[in-house]
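Please read the structure below before turning to the comments.
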Amino acid sequence: MEKYMDKELHHVKDTRTGMNILMLIALIGLAINLRSPLTSLSPIIGELQMDLGISSTMAGLLTTIPILCFGILTPLASGFIARMGIEVSVATTLGGVAIGTVLRSLDGIAVALVGTVILGASLTIGNIVSIMIIARDFSRSSNTVTGVYTSALNIGTMFTSAFTAPLAIFFGWRVATTLWVVLAILAGIVWVIVFLRPNHPNVVIGKKGTEFNVSEKWRLPVWKRKFVWLLVIAFASHLFLYYAMTAWLPVYFIETSSMNPTSAGIAASAFQILALVGAFGVPTLAAMGRMSNVALLSGIAACWLAIPIGLFIAPQWWPLWSLIGGIAQGGGFTVLFMLIVDHSHDIDDNRKVSSLVQGLGYSIASLGPIVIGGLNQYFKQWLPGFTLLTMIAIVMLVVSFIMHRDLYLKHTKTTGQGYS
């Protein structure tokens, strides 16, 4: 009997391990699709402008619409997830990415705008549900999995940034951008396998008792929590810097470093791939106990502060600035998502906090590509735009200091000991 019980326990353990590995692969596939559609346009933005006959501001709008959707549509996406559950939301995300990617590459600016809106709506759902998957399925290793998730985001952007321009040379920009639908199809296949697993949880988040045991004691609403609002400011600052750089970095390299579009796309992809350093470095430092998450956020903000200053003063040193930028963007996403998970009471609270932080953060950040493109077009130089980016990095740094002070005071009051 004991041998039989041991055998059954080992079987259950092996099944759960296999399911966790499969879920991690599925999460990676989802993450790869959550940013790659956005960066596929940047390397061929000039060709797109000429073909469609649009201005730099309108071209920036094609990159900005999804980010604007992240903000405006987040409340609707949050309600959709609460009603339909995680699995249906994942399927909606990947299906929408596939449809939007194809439509955006068809002829005419009107169709491109429709496809872009579909992409934005689908990715908005994916932004929230992916963090919920981490909280639900990887609660014991959330920091590490968050780093893996963030790395997958950047692997997707690396592929599209590096290879869209070369593909466009041979096939044209429309085919080049359409080909990335393969990423959504492959991720969809993995999730179908996950859905078919008999021991996979498929729950509706909004119904009581379907997720975690939630304490019935009174809690402050999300919108009344000071720390959540600090997260909003930090997230918005980080995203503004990230999307402004992602949208215009190839153009900046072409104008200041005499690069051709292919070389500029490859150089910009270094900014994306080097994010792996920050994505893995942040949870590693957190696991070592060397720095708190808010202290790590301060370091990320300092890195962001160096990027616009360094790129403007010495653009020829772009490999160095790409390394620092990679640490900033990969580490920034990771630590901010870690803070969302850390400061959520349960899976449903995670959805609410994530919705508020991402919704407002993306709404503000959606202005990044438009504002920087507009400033460059109006002043015919990059100094005003880079000055604005420097100021935003300073705001992020100040917010991280306030977070650290508030947590220090709270921890000291509760335990009588300092908070590192």
Subset of the stretch 357-397, residues surrounded by fewer than 18 Cβ atoms within 10 Å (Cβ to Cβ), of a type in the set (S, T, N, Q) and modelled with pLDDT under 90, comes to 377, 381
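Those residues that are of a type in the set (S, T, N, Q) and modelled with pLDDT of 85 or more, I need them from the stretch 165-205; list them, please.
Taking the stretch 165-205 and keeping what is of a type in the set (S, T, N, Q), we get 177-178, 199, 202.
Result: 177, 178.
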When (1) closer than 17 Å to residue 240 by Cα; (2) buried (at least 17 other Cβ atoms within 10 Å of the Cβ) are applied to residue 339, the one that fails is (1)
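Go through the stretch 273-308 and count every residue that is hydroxyl-bearing (Ser, Thr, Tyr) and farther than 25 Å from residue 409 by Cβ.
Here is the first cut: in the stretch 273-308, the residues hydroxyl-bearing (Ser, Thr, Tyr) are 284, 292, 298.
From the residues that got through so far, the ones that are farther than 25 Å from residue 409 by Cβ too are 284.
Count: 1.
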A careful count of residues in the stretch 281-306 that are farther than 18 Å from residue 401 by Cβ and open to solvent by 20 Å² or more (accessible area, probe 1.4 Å) gives 8
Residue pairs qualifying under the 7 Å Cβ cut-off, at least six apart or on distinct chains, with the first in the stretch 364-391 being under 20 Å from residue 309 (Cβ atoms) and the second being open to solvent by 60 Å² or more (accessible area, probe 1.4 Å) and of a type outside the set (Val, Ile, Thr), are 382/312; 383/312; 386/312
When restricted to 324, 273, 313, 309, the only residue at pLDDT below 80, of a type in the set (A, V, I, L, M, F, W, C) and either open to solvent by 20 Å² or more (accessible area, probe 1.4 Å) or under 23 Å from residue 376 (Cα atoms) (or both) is 273
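State yes or no: is residue 208 under 21 Å from residue 135 (Cα atoms), open to solvent by 50 Å² or more (accessible area, probe 1.4 Å), out of contact with any Lys or Arg (no Cβ under 9 Å at 6 or more places or on another chain) and at pLDDT below 85? Spell out how you get there, then give the answer.
Working: under 21 Å from residue 135 (Cα atoms): yes; open to solvent by 50 Å² or more (accessible area, probe 1.4 Å): yes; out of contact with any Lys or Arg (no Cβ under 9 Å at 6 or more places or on another chain): yes; at pLDDT below 85: yes.
When the stated conditions are applied, residue 208 passes them.
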Taking the stretch 39-54 and the residues there that are in contact with a Gly (Cβ under 9 Å, 6 or more places away or on another chain) and of a type outside the set (Asp, Glu), the one that is most open to solvent (accessible area, probe 1.4 Å) would be 52
Heads up, the helices (runs of 4 or more DSSP H) in the stretch 57-171 (entirely inside) with at least 2 residues that are of a type in the set (Val, Ile, Thr) and closer than 20 Å to residue 272 by Cβ are 86-104, 142-171
(Q) Checking the structure you have, find out if any residue of the stretch 118-134 is in contact (Cβ under 8 Å) with a residue 12 or more places away in the chain, open to solvent by 10 Å² or more (accessible area, probe 1.4 Å) and over 16 Å from residue 27 (Cα atoms). (A) yes
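The values are calculated or read from the model by the stated rules, or taken from the named source; none is laboratory data. Model, not experiment: these values are computed from the prediction. Because the Cβ atoms are built from the backbone with ideal geometry, glycine has one as well, and the counts that use them run over all protein chains shown. These accessible areas exclude ligands, DNA and RNA; they are computed on the full protein's heavy atoms, side chains included. Shrake-Rupley method; radii C 1.70, N 1.55, O 1.52, S 1.80 Å.
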